[in-house]
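Worksheet: one structure, shown below.
The values are calculated or read from the model by the stated rules, or taken from the named source; none is laboratory data. The structure presented is a predicted model; accordingly, all values stated were derived computationally and were not measured. When we count neighbours, we look across all protein chains shown, and the Cβ atoms used for this are built from the backbone with ideal geometry, even at glycine. Ligands, DNA and RNA are stripped out before the accessible areas are found, and what is left, the full protein with its side chains, is counted by its heavy atoms. Shrake-Rupley method; radii C 1.70, N 1.55, O 1.52, S 1.80 Å.
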Amino acid sequence: MGDVPSAARNAPLVLLSGGGGGARLAAGLSQAPAERPLLVVTNTGDDFEHCGLSICPDTDSVLYAVSKTIDPQRGWGRAEESWSVFEALKNLGGPDWFQLGDKDLALHLSRSAMLAAGEDVAGVTTELGDRLGVPPHVTVVPATASPIRTHVISDQGKMAFQEYFVAHRCTPVLRHVVYEGIDSASPAERLSKALDDVGTAGTDVVLGPSNPFLSIAPILDIPDMQGLLRHAARRVVAVSPIIGGQALKGPTGKIMSELGLEVSAAGWTHWMSEHYPGLVDVWVWDETDQLAAGDLRAEGVDIRTTSTVMSDPARAAAFGDWLLRICEVDH
Ligand code: FO1
């Protein structure tokens, strides 16, 4: 196993991220000792307008996680938050189903003002990241500048993502997910340019431990996105969001069973392989599922196992370092 040329080692590692798991891995990779430039591509299907503000939850979770300003318990929003405006808003009869902290609101106000002034969402995201303290070797890019809105088709009808996720707390039975606007979307220019810049040396792409239906698909299903990533990637590595037959947080396991899938790392691997044939080179499962990997390995599937539970920043950095090392070795 030789070492990769330094050009590939210095090319930014590309992480596709949604939800809390993706944000934690973004933080882990950005704090890994083997510091490598990192380009985090964030899901925009959860974005929505609320009280006249542009809310971008999966982008904000990464901005906060990487700048170490995230609330670690919630996995979204700011640490040391206060809720004065939210309380005053409720007393004025405003919506109370979506909690907006005072510091978090400042970010939504800044972003909304910059977007209204005509700045593009990628530039606004970089500017906000700089102000929050995102380290210079990390770039956070929303997957597309075109509006995509994830909707859930459930036994209680069709509903917007945040209505399903927050207002209904993921209780409706999911039948189908649609990403409205995705057919006319295109990958973010800043991402296309960064991948063009890596040239023939190529780079590495990691699909974070995010919900495949609600976080990864709204990125990969953007026209030309798979081709763009596959062309630039020496290796595509996907991290299972299912550990020991369940998701650590969020509705991934519930949705898999509602879709009739086996709720396991193997079930996730099968679904991803069917929907994105030839995309993933290396599958990363948690060591809890080590024994279950035998069958697929016997079929030639490259499954690696390690401790993928990022229960604190040190474990996230250790996992990030482990990922960087398997990306840096040629096979
Ligand atoms: N999730 C909740 O369960 N309840 C909330 O009130 C809530 C508010 C919120 C505000 C800003 C933000 O960036 C995220 C927020 N989230 C909330 C989480 C959000 O719904 C999810 O992070 C993503 O949309 C799915 O990962």
Tally Lys/Arg at +1 and Asp/Glu at -1 over every other residue whose Cβ is under 12 Å from the Cβ of ALA266; what's the total?
-> -3
Hand me the chymotrypsin sites (Phe, Trp or Tyr not before Pro) from the stretch 1-100 located in a DSSP loop with no more than 11 other Cβ atoms within 10 Å, in residue order please.
-> TRP97
Label-to-label distance, nm, for residues given as ALA116 and SER84 (7 Å Cα→Cβ offset) | 2.2
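How charged is the neighbourhood of SER311? Take every other residue with its Cβ under 13 Å from the Cβ of SER311, and add Lys/Arg as +1 and Asp/Glu as -1.
Result for the local shell: +1.
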Considering the chain as a Gaussian network with a 10 Å cut-off on Cα pairs, which listed residue, ALA201, ALA265, ALA316, attains the greatest mean-square fluctuation?
-> ALA201
Per residue, how much accessible area does the stretch 154-206 show when a 1.4 Å probe rolls over the protein heavy atoms, in square angstrom?
-> 52
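Taking the Cβ-Cβ separation of TRP97 and VAL329 as r and a Förster radius of 45 Å, what is the calculated FRET efficiency to the nearest 0.05?
Efficiency, rounded to the nearest 0.05: 0.40.
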First check a/c for the stretch 1-94, with a ≥ b ≥ c the square roots of the eigenvalues of its C-alpha gyration tensor; if it is under 1.5, answer rounded, and if not, answer prolate when a/b is larger than b/c or oblate otherwise.
-> prolate
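Tell me, in nm to one decimal, what length is gained between SER184 and ARG304 on full extension, where the rule is 0.36 nm per residue of separation less the Cα-Cα distance?
39.6 nm
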Where Cα atoms sit under 25 Å apart: lysine pairs in the chain separated by 8 or more or lying on different chains = 6
Given a Förster radius of 51 Å and the C-beta distance between LYS158 and ASP130 as r, what FRET efficiency does 1/(1 + (r/R0)^6) yield to the nearest 0.05?
-> 0.85
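According to the square roots a ≥ b ≥ c of the eigenvalues of the Cα gyration tensor, what is the shape class of the stretch 43-197, taking rounded for a/c under 1.5, prolate for a/b larger than b/c otherwise, and oblate for the remainder?
Oblate, because a/c is 1.5 or more while a/b does not exceed b/c.
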Counting pairs of alpha carbon atoms under 8 Å apart in space and at least six apart in sequence, what relative contact order in percent does the chain give?
-> 22
